[in-house]
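*Asks:* Take a look at the following structure, please.
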Amino acid sequence: MVAGALWGRCKMASNNPKTKFHRAISRKRVHRSAATTGGLQVLPGGGTQRRDARRELALAVLEQFRLIFRSAKKHFQWVEERTGVSGAQLWVLAEVHRRPGIRVTELAHAMAVHQSTVSNLLDRLERHGLIQRFRSSADQRVVHLSLTELGRTTIARAPLPLEGVLPDALNRLAHGELVDLQQRLEQLAKLMKVRDRRGKRIPLAEM
C-alpha cells in the first residue's frame, strides 16, 4: 500500500502544470548547451586545457624564431671567419657583383635599408679595398659602385647564400606564402608591448 501511495503521488506530481513547465525549460537549456558545444560534452577544466594547449603552441612558435635567428647568426659567424667581412657587408658585395655600376640609392632599396646605413657599409668596404666608387660621365652627381679585384676574390671564397640564409629562404617562398607570412608578422608586431620601428631598416647582421 505504501508503494501504491508513493506511485500515486509521483503520478500527480508529473501531471502538475508547474512540473511540466520546469521540465520543458530544462529540456530547452540542454538543447541550447548541445548546440553551443557542437554536441560535445564539456568537461570540467576544459578552459584550462585549452589555455595550456595554446601556451604550448606559442612556445613551439617561439622555438622556430629562436632556430631562425640562431641559424642566421651562425651563418654570419661563418661568413666573417671565411671572408673577414660581416654578413651585411657581404650582402653589399653580392649586390654590387650582380649589378656592376649600381647606385647607392638602388643598393639601399635592394637591401631594404636606409641610404645612410648603406653609406656606412660602403665606407668600411672601401677602406678595406673591396669596393670602389666612380662618378657617371653623363652626370657627375651620380655615384656608381663596382668591386675591386680583392672584392671579387672575397665573393669567390664566401659561403653561400651571399645575402644570408634568411633573405634566401624568404625569396624561395611562393608569393601567396609571403603575403600570408607578412600579414601574420605584422599582426604579431602590433601585439608587442615594445616596438622599435627603426629596426625594420637595419640589416640583421648589424643588430
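No lab work stands behind these numbers, since they all come straight from the coordinates. Given the structure is predicted, the values throughout are model-derived calculations rather than measurements. With ideal geometry, Cβ positions are generated from the backbone for all residues, glycine too; neighbour counts draw on all protein chains shown.
*Asks:* Report D for region 119-207 in µm² per second (integer): Stokes-Einstein, Kirkwood Rh on Cα pairs, 25 °C, 0.890 mPa s.
*Replies:* Details: Rh = 16.7 Å.
Taking Rh from Cα pairs, D becomes 147 µm²/s.
*Asks:* Summing Lys, Arg as +1 and Asp, Glu as -1, what charge do residues with Cβ under 12 Å from the Cβ of Trp91 carry, Trp91 excluded?
*Replies:* Working: positive: Arg98; negative: Glu95, Glu163, Asp168, Glu206.
That sum, taken over residues with Cβ under 12 Å, equals -3.
*Asks:* Counting every Cα pair in region 43-179, what percent are over 24 Å apart? Let's see the in-between values first.
*Replies:* Values: 4135 of 9316 pairs.
Of the Cα pairs, 44 percent sit more than 24 Å apart.
*Asks:* What list of ³J(HN,Hα) couplings, whole Hz, do you get for region 50-63 from phi and the Karplus terms 6.51, -1.76, 1.60, once you set θ to phi - 60° and write x for glycine and proline?
*Replies:* Ordered by residue, 3J(HN,Hα) equals 5, 5, 5, 5, 5, 5, 4, 5, 4, 5, 5, 5, 4, 4 Hz.
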